Each structure stands twice: as structure tokens, then as C-alpha cells.
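The values are calculated or read from the model by the stated rules, or taken from the named source; none is laboratory data. Note that the structure is predicted; figures quoted are calculated from it, not measured. Virtual Cβ from ideal backbone geometry, glycine too; neighbours counted across all protein chains shown. Just so you know, the surface numbers come from the protein's heavy atoms only, side chains and all, with ligands and any DNA or RNA stripped out. Shrake-Rupley method; radii C 1.70, N 1.55, O 1.52, S 1.80 Å.
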Amino acid sequence: MADDLPRYSIENLQDLRTPLTPDTVEWCPINGYSSCLALGMYQLNEENLKQTSIDSSASSRRIGKLLIYDFHETNKLQEIANIDSAGILDMKWCPSSFNDCPVLATAQSNGEVVLYGLDHQPGEETQKPSVTKLAKCMVCESSLCLSLDWNCRVLESVQRKICVSDARGWVSVLSLEEAGVLKVTDSWRAHTYEAWTAAFDYWSPEVVYSGGDDGCFVVSDLRCLPTPVDYHKNLSSQMGIC
């Protein structure tokens, strides 16, 4: 049976040395922009960790950077954006364009979700594609956003929403309005400890799944908040769900 499987070869095209610890990487899924690669970084600021001042905030101890590359036919990545930010723990491209613009959502260590957009199609010889900050929304002040997901991977006609899990154990849902405004529409306590991951049910986007450090897999329905509709405890081990 194994002999009938197609054989593929893997070639290393390029190695990158990044200025901070790389944490998440995503190719853009939008047609015409699939050569764009986003790289998010997260790192503890060791200099600030040495400070004992009570004015040293948690967000200042965690730094990050967003790098976006265009992958050329020469099999090389060309940097088109280098943006300093809070630590980026997760990011996802919106599966469909917004106002004719690819949109990247980032979950950041200062408790914000920040959206970035590409303003024109890459590959033009006269000008590099540029990246702009489209919107931001504070989700959990004095805590960390840990993961996020878009609701429109299958049903592109739905109102674009983002679910976000955070270090408090909460899950929030954000709505992206046509005017480009990003705001929290729902938020609830889903886990006892850190909520490591959250995702929509793409075929039923009113349903949100989440996993946490409490070892629970939680099913929540936006129509039945604030109480999740189902819990599944990881009884086979003491490990959390990421």
C-alpha cells in the first residue's frame, strides 16, 4: 500500500534569522496575494524584567514584531513590512477580503486584537505592497490575548466576527463593521485557567469551541450566553488543551 502513495521531495528554499522569537506564521489565502507571508513574534523583554518599579506594566515586559514578506519567483522572501508591536501570540488572515483588502488579525500580549491590511496587489514592479493598521480593539486589559479565529472560512456571507481567548480564561467575540470598526459584542468566562485556544464552528458560526489549561474542551453557543452549553473534561491526563 505504501508503495502506491505519491512521493514528494521537500526542498529548503530559504532560512531566516529573526530579531525576536517567531511564534506564528501564516500565508495569505486571498487570490492574488498568496505570495504574502506574515510572521508574528513574541518575546519577554529581559531588560524590563530586571526592573523592580511598580510602574513597569505587564505589556512593557512582552515585546513583539510583525514581519510581512512577499515570496518572489526567485524563491526568495522580500520584506515588505516591519512593524513593532506588543507580543503576537496568534494571528489569522481573514479568509475573504474586506473592502477589497486582505486583512490580518493579531492577538497581542497587551490584551488587544489589532487588524492590518494590504493595500494593493503584490508583484507590481513599480512599488512594494504596503501594510496599514486598520483597526484595534481592547479585549482584556492587563491580560494577554492567546488565540483567535475568524467565523467566515466556509460561510463567507456572514457578518465577519473574530473569537478570542485570553489568559483570564475568558472567550470574547468581536464584530468587524463595514466602516472598519472593531468592537466586542460578547464575552464570557469559559475556563478556570488560561483559555489557550478558541475556534468557530465554520458551518454553524454561532458555536464557539475553546480549550484551556483546566483540561476542559468547552462548547459555547452565542445564542445561549453567558453559560457554555457543554463541557468535556480531559480525564485521561492532567494536561491542558491547546
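Quick test of your reading of the structure: Asp221 fulfils all but one of (1) open to solvent by 10 Å² or more (accessible area, probe 1.4 Å); (2) within 17 Å of Lys92 (Cα to Cα). Name the failing condition by number.
Going through the list (1) open to solvent by 10 Å² or more (accessible area, probe 1.4 Å); (2) within 17 Å of Lys92 (Cα to Cα), Asp221 breaks only (2).
Within segment 205-216, take every residue that is touching a residue at least 40 places away in the same chain (Cβ under 8 Å) and either assigned to a strand (DSSP E or B) or not acidic (Asp, Glu) (or both) and give me the one that is most open to solvent (accessible area, probe 1.4 Å).
Pro205
Considering only segment 74-114, give the strands (runs of 3 or more DSSP E) lying wholly within it that have at least 2 residues that are modelled with pLDDT of 95 or more and either among the charged types (D, E, K, R) or open to solvent by 30 Å² or more (accessible area, probe 1.4 Å) (or both).
Output list reads 77-86, 88-93.
So Tyr202 ticks every box in (1) assigned to a loop (DSSP other than H, G, I, E, B); (2) of a type outside the set (Lys, Arg); (3) open to solvent by less than 40 Å² (accessible area, probe 1.4 Å) but one. Which box is left unticked?
(3)
Between Asp201, Asp213, which is out of contact with any Gly (no Cβ under 8 Å at 6 or more places or on another chain) and over 23 Å from Ile63 (Cα atoms)?
Just one listed residue meets the conditions, Asp201.
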